[in-house]
Every structure is written in C-alpha cells, then in structure tokens.
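Since the structure comes first, as structure tokens, the remarks are kept for the end.
Throughout, read-outs are computed from the coordinates displayed, never taken from laboratory work. Bear in mind the structure is a predicted one, so any value in this text is a computation, not a measurement. All Cβ positions, even for glycine, are placed from backbone atoms using ideal geometry, and neighbour counts span all protein chains on display.
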Amino acid sequence: MENSMVSKVLILGAKGMLGQELVSVFSDDEKYIVAGWDFGDIDVTDFVKAEEKIRTYAPDMLINAVAYNAVDMCEESDEEYQKAMILNAEVPRFLAHLAKQMNILFVHYSTDYVFDGADESGYREDAKTNPISRYGMSKQAGEENVIKEEGKYYIIRLSKLFGKPALSSIAKKSFFNIMLTLGKTRDEIQAVDDEKSCFTYAPDLARETKSLIEDTALFGIYHLPNSGDVTWYMAVQELYTQAKMSVIIHPVGSEAFPRPAKRPHYSKLLNTKRTPIRSYTEALKDYLTFME
Ligand SMILES: NC(=O)c1ccc[n+]([C@@H]2O[C@H](COP(=O)([O-])OP(=O)(O)OC[C@H]3O[C@@H](n4cnc5c(N)ncnc54)[C@H](OP(=O)(O)O)[C@@H]3O)[C@@H](O)[C@H]2O)c1
C-alpha cells in the first residue's frame, strides 16, 4: 500500500473483543479512515439493508469480526445452531460476495475448532479441516463460503482470544478474565490439563491483521495466534504467577468438566507463512496492566 494513499476501512463487529482492537489499531494510523459498526449500526443478517449501507459507505476494505461464539449453546439447541450457521457461514458468504462485487479486500476470522485435534504435531494453514462440534462446522462452512467466492480475501484463524472485555455486554468473557475473577474468591481451583492449543491476544491480532494487509500478503488462510501452545492448566498457572495470586491449581482431565460440545485435544495452529508472533506470556503482561 502506498503511504500517501488513504484507505477507508469498515470493521463489522466493532464492539466485540477483537473488533474494538481493530478499530483502535486502524484509527491510530492516519493512513486510514475507519468506520466501526456493531449491532446498533447494522444487522449483518439483514442482507438487503446491510448491502445498501455498505455500498453507500463504499469502503476500500471490509473486515468481519462478527461471530456466533456460544460453542456449547449451539451444540444443545437446533435453534442456536441455526443462528450459528447464519452468523458464521451465511454472513461471511454474503460479505465475501459483496466485497468481490465491489472489488475490495475481505478479511474474515476463523478458529482452531475447525480441526479435530487428533494431530499432535499441530495444524498448518493447508491442513484438512474436520470439525467435531456444531460450532466448528459453522466456522468451517464460513471458511468454505469465503474461499468459493474467489475474491480478495484473508481468512485468519486464531484460538482462545483474550484482551479487554468486549464493549458489548453479552459478548463472551475470556478464559483469563474468568480465572482472574475466580482466583479472587477461591483458594483452590481445577483446570483442564489434556486440551492444548494457543492463546491469541486481541491487540496483537489486530496489529498482525494490519501488517498482513500492508504487506499485501498473498490472499488465503493464515494462522495468527500468539506463540506458545499450552493447556488450560499451564495457562492459568502462568496467569496466577504473573498476577501474584496464590491459588492452588489442580490439573484435571476434560471429563471433570463435562460440556455439551467436544473440544479438540490438541489444536496448535502452526504459523508457517508469517513471522512468529510474540509469546502469549509476554502479551499476558500487557493484559494484566489493565485487568488488575
Ligand atoms: N473468542 C474466542 O475465543 C475466539 C476463538 C477463536 C476464533 N474466534 C473468532 O474471532 C472473531 C472475533 O470474535 P470475538 O470473540 O471478538 O467476538 P465477540 O466479542 O462475540 O464480538 C462479536 C460482535 O459481533 C456483533 N454482532 C453479533 N451479531 C451481529 C449482527 N447480526 N450484526 C452486526 N453485529 C453483530 C456482536 O454484537 P452484540 O454483542 O451486540 O450482539 C459483537 O459485538 C470471530 O470470527 C470468532 O469466531 C474467537
């Protein structure tokens, strides 16, 4: 991208955990004019009205941070699964199609839950997907729908997002947020030690998204979590050590916390296309400066 060029960026899901950081990162750079829209500004499932509003704004790139993230709810309820399919599969299809018609870049986010977790060596960007939950299926369908449009796209997979709590009051809380709250009231906790993957710090991912765009990287799929693959147990140990909280943590198997949706046991996202991102332990230090 030419330095002298000013680009109009439209970020959807702007009050979400990731969306708010995307708005902040792009707004800090005068090369961009940024619009951040959330549910109050646009309902992305109303395709007719959404298309009209997006075309009127006429962005140079469209970033979709809208998602349905209630992994267990959509496993249990057909109605919720329908919602997941609309937000995670049909909305990206619609947006990718619109972006192609408008000849602009489309950026979309996906998850390690598109993999089954059986491959302990981790998953490259081109690894075969095989989701084991309905949520994973909805995200896989979204990826396929974006790819099928054959437009200018980046699909960025991440896992276990953490960062400033989302501006939206109903958005999901991150694992570290929940554990900080728990650790203030309990002397002992249990944490699952047989599911391993990477964490993703929302401000880091927002910066990496901007770099990917500015580097005019090849269109396709990218894996951009922070470095370091850990279990929930290992991660909460790190959190309490850094936060100087003396809570006893007991490692347990995932059967200790029966949940409706299956999770992959080992879903490390291998980043083979871009420079490795700093370790999640470094990112945690930044996170704790505003969460404590
Ligand atoms: N969170 C994780 O651990 C995780 C893990 C792997 C991948 N991801 C992926 O990362 C991306 C960002 O996730 P996130 O956790 O930042 O999501 P989030 O915090 O749940 O934010 C999603 C935003 O989208 C908005 N939204 C929902 N329905 C909408 C609609 N119909 N029209 C317009 N806006 C709507 C929500 O607004 P309301 O709240 O007002 O409805 C919310 O502000 C997603 O693609 C997600 O699948 C997340």
Work through the residues other than ILE33 whose Cβ is under 11 Å from its Cβ and net out their charges, Lys, Arg +1 and Asp, Glu -1. -1
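Classify the chain as rounded, prolate or oblate, taking a ≥ b ≥ c as the square roots of the eigenvalues of its Cα gyration tensor: rounded when a/c is under 1.5, otherwise prolate if a/b is larger than b/c and oblate if not.
Details: a/c = 1.69, a/b = 1.46, b/c = 1.16.
Prolate is the answer for the chain, as a/c is 1.5 or above and a/b outweighs b/c.
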Given a Förster radius of 30 Å and the C-beta distance between ARG124 and VAL252 as r, what FRET efficiency does 1/(1 + (r/R0)^6) yield to the nearest 0.05? 0.50
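For LYS152, what charge total do you get from the other residues with a beta carbon under 15 Å from its beta carbon, if Lys and Arg give +1 and Asp and Glu give -1? Spell out each step's value before the answer.
Values: positive: LYS100, LYS148; negative: ASP60, GLU149, GLU150, GLU214, ASP215.
Once all neighbours under 15 Å are counted, the net charge is -3.
Sort SER24, SER211, SER174 so that the residue with the fewest other Cβ atoms within 10 Å of its own Cβ comes first and the one with the most comes last. Before the final figure, lay out each step's value.
Numbers: SER24 17, SER211 13, SER174 23.
The most exposed by this proxy come first: SER211, SER24, SER174.
Can you sort ARG278, ARG263 by how many other beta carbons sit within 10 Å, fewest first? Walk me through the intermediate numbers first.
Working: ARG278 13, ARG263 22.
Ascending Cβ contact count within 10 Å gives the list ARG278, ARG263.
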How far is the Cα center of region 77-97 from the Cα center of region 124-157, in Å? 13
Could you pull out the pairs from LYS100/LYS172; LYS172/LYS273; LYS15/LYS160; LYS184/LYS262; LYS31/LYS172 whose alpha carbons sit more than 20 Å apart here? LYS100/LYS172; LYS172/LYS273; LYS184/LYS262; LYS31/LYS172
Applying 1/(1 + (r/R0)^6) with R0 = 30 Å to the Cβ-Cβ distance of LYS83 and THR241, what FRET efficiency is obtained, to the nearest 0.05? 0.20
Where in region 21-39 does the label zone of SER169 land, with the point 7 angstrom along Cα→C-beta and an amide N cut-off under 16 Å? 39
Value at 222 nm in deg cm²/dmol, rounded to 500, when DSSP H runs of n ≥ 4 in the chain each add -39,500 (n - 2.57): -11500 deg cm²/dmol
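How high is the FRET efficiency between LYS100 and LEU288 when r is their beta carbon distance and R₀ equals 41 Å, given to the nearest 0.05?
Details: r = 42 Å, r/R0 = 1.02.
E(calc), rounded to 0.05, equals 0.45.
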